[in-house]
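Here is the structure we will look at, set down as structure tokens.
Here, each number is a calculation from the coordinates, and none is a lab measurement. Not measured: the values here are computed from a predicted model. All Cβ positions, even for glycine, are placed from backbone atoms using ideal geometry, and neighbour counts span all protein chains on display.
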Amino acid sequence: MNEVYTIRSEEGDEYKLQFTTDRSGIVANVLLDKIENHGLFIVEIGLGRTKGVNVTNHRVLAQIEQCIADVLLGNPNFMLVFFCDFISLLPSMNKNMSVQEYRSRLFSRMFERYVAQHHITDIFNRVTIVEGVAENYYFHIIARKRHLVYADMISAGIQKDFGKPADE
């Protein structure tokens, strides 16, 4: 799977939302193979601003939420992984936290709001934090509750392997 969606704000900002099963190294190949042998697929979410400098408004956030929900809810064997990277042209709105932490908290709030508004009870968002030398790295695993054991495996794998050379 490799799908890209473009979301545009009324102010002219543009965002790219990508879903891919291509292996980037965030989750170790051996773990991906094990999970895929159980009929599940890990889909990485990439989100980036490609145009504009305005504050991301609620309408755009709602479109992002809906797009993510459509992919997950439409595919019962998908688990989503999102890495809050630090490649951002815009700084955090909160000077007391890193861009990654800000994005992670925003992503969690978006998730919590969406599931509450739509009365979804069987999907969860697992935040995994990896302590780096200069800063922390934030990962989100979004999955169905019946896939909790696999989310735990992914979280533990990211904790163990992130930042190390990818396996073959």
Net charge dipole size for segment 2-161 [Lys, Arg +1 and Asp, Glu -1 on Cβ; Debye, nearest 20]
280
Cα-only Debye scattering, the chain: base-10 log of I(q)/I(0) at q = 0.10, 0.13, 0.15 Å⁻¹:
-0.37, -0.64, -0.86
Residue 52 long-range amide H proximity, modeled H, under 5 Å
14
The longest stretch of the chain containing none of the trypsin sites (Lys or Arg not before Pro) that sit in a DSSP loop with at most 15 other Cβ atoms within 10 Å is 96-168
Toward the positive end of the charge dipole of segment 2-161, about the Cα centre and with charges on Cβ (Lys, Arg +1; Asp, Glu -1), which of 24, 60, 46 goes farthest?
60
Any idea how far apart residue 34 and residue 58 come out in nm if each label point goes 7 Å out from Cα toward Cβ?
4.3
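Take the alpha carbon gyration tensor of segment 95-168, find the square roots of its eigenvalues, order them as a ≥ b ≥ c, and report rounded if a/c is under 1.5; if not, report prolate when a/b exceeds b/c, else oblate.
It is oblate, given that a/c is not under 1.5 and a/b is not larger than b/c.
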In whole Hz, the Karplus estimates of ³J(HN,Hα) for segment 53-59 (6.51, -1.76, 1.60; θ = phi - 60°; x where Gly or Pro) are 9, 6, 5, 5, 8, 5, 5
Among 82, 156, 110, the residue whose Cα sits farthest towards the positive end of the charge dipole of segment 2-161, when +1 is placed on the Cβ of each Lys and Arg and -1 on the Cβ of each Asp and Glu, is 110
Give me the one-decimal nm value for the distance between modelled label points at residue 112 and residue 5, 7 Å along each residue's Cα-to-Cβ direction.
2.3
Using the Karplus curve 6.51 cos²θ - 1.76 cosθ + 1.60 with θ = phi - 60°, what ³J(HN,Hα) values do you get for each residue of segment 17-30, in whole Hz, with x for Gly and Pro?
10, 10, 10, 9, 9, 4, 8, 9, x, 5, 10, 4, 4, 4
